[in-house]
Amino acid sequence: MNSKRVVVITGGASGIGRQAAMKFAKKGDQVVVADFNETSGQETVNLITSNGGEAVFVKTDVSKYEEVEFLVEKAVETYGKIDVMFNNAGIGRSTPVLDQNLNDYHSVINVNQHGVAHGIIAAGKKMRELNSKGVIINTASVFGFLASPGTFAYHATKGAVIMMTKSAALELAQYGIRVIAVAPGVVDTPIIQGYKDSGLIESMKAKVMGNKLTQPEQIADSIYLLSLEEASAINGSVVMVDEGYASFK
């Protein structure tokens, strides 16, 4: 019987996902890193295993349910179970709403919204099947609450993640499965490159307590804490991990 926790992380090739994978592995969990970017995803695995951790990579396009379902099955095939599902994969496009390219719009919806739905459903089914009192964590955003120029589709997806989290938590509680979301603010990851290119970063930093970008390691630490049994009273909630961005100024 595997006594270690098994953690599946989408979007694990960089940013918050990579740091979360390294955090869980450092704490002794077995990690399944998933991403569409095979090279960077394998780099995450190599960073973990070179430091004595356990991890495997599974190339995954989260916009396709069958690939997310395969990912979950692969985790169970490899390590025997699934304890934590971190639905983190996400993309962004910086475009004024009336200049929106509908192909770009739908690509953001397919990854950020449908990808999270696919992870909730596939992991939830497997946890129920295995009678696992698991935890599903979704990456939302302060931009699920606050408007910002040029990110129409991104706002739509993060608002959806918030309500999917609440809805799934309500239904899955009967199986002992917790569903929660984290809402980062301005995190120093590749997804904010559009803001940097637009010259908006300084004004966004001014809204953060400490006047700085949040580091992905900080978000990873919070996600790890929320995954623990000691956080069992936190369910159906959106936990703000934004250093005050949504409430400051």
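Every number here is computed from the coordinates shown, using simple stated rules; none is lab data. All figures in this text were calculated on a predicted structure; none of them were measured in a lab. As a convention, Cβ positions derive from the backbone with ideal geometry for all residues, glycine included, and neighbour counts pool all protein chains shown.
Listed by chain and number, the lysines whose C-alpha is less than 20 Å from the C-alpha of Lys207, apart from same-chain residues fewer than 8 away, are Lys158, Lys196, Lys249.
First check a/c for the stretch 11-122, with a ≥ b ≥ c the square roots of the eigenvalues of its C-alpha gyration tensor; if it is under 1.5, answer rounded, and if not, answer prolate when a/b is larger than b/c or oblate otherwise. Prolate, because a/c is 1.5 or more and a/b exceeds b/c.
With helices as the sole contributors, the chain gives -13000 deg cm²/dmol at 222 nm; each DSSP H run of n ≥ 4 counts as -39500 (n - 2.57), and the sum is divided by every residue.
For the options Asn87, Asn138, Asn37, a Gaussian network treatment of the chain with springs between C-alpha atoms closer than 10 Å singles out Asn37 as fluctuating the most. Could you pull out every one of the lysines with an alpha carbon less than 27 Å from that of Lys4, ignoring same-chain neighbours closer than 8 positions? Lys4 reaches Lys23, Lys26, Lys27, Lys59, Lys74, Lys81, Lys125, Lys126, Lys133.
Sequence-distant contacts, meaning Cα pairs under 8 Å at least 6 residues apart, place the relative contact order of the chain at 19 percent. Counting only Cβ charges, +1 for Lys and Arg and -1 for Asp and Glu, the dipole size of the stretch 6-241 around its Cα centre is about 480 debye. For the chain, the membrane-span-like helix rule (DSSP H, alpha carbon extent of at least 20 Å along the helix axis, mean Kyte-Doolittle at least -0.5) picks out 65-79, 115-130, 152-172; this says nothing about an actual membrane.
Of interest is the spacing of the C-alpha centroids, which for the stretch 10-75 and the stretch 114-163 amounts to 18 Å.
For the stretch 104-111, the Karplus equation 6.51 cos²θ - 1.76 cosθ + 1.60, evaluated at θ = phi - 60°, returns couplings of 5, 4, 5, 5, 5, 4, 5, 7 Hz by residue, with Gly and Pro reported as x. Simple spin-label estimate for Ser3 and Thr49 gives 2.5 nm between the two label positions (7 Å along the Cα-to-Cβ direction from each Cα). Between amide H atoms placed 1.01 Å from N, distances below 5 Å from Arg5 occur with Gln30, all of them 5 or more places distant or on a separate chain.
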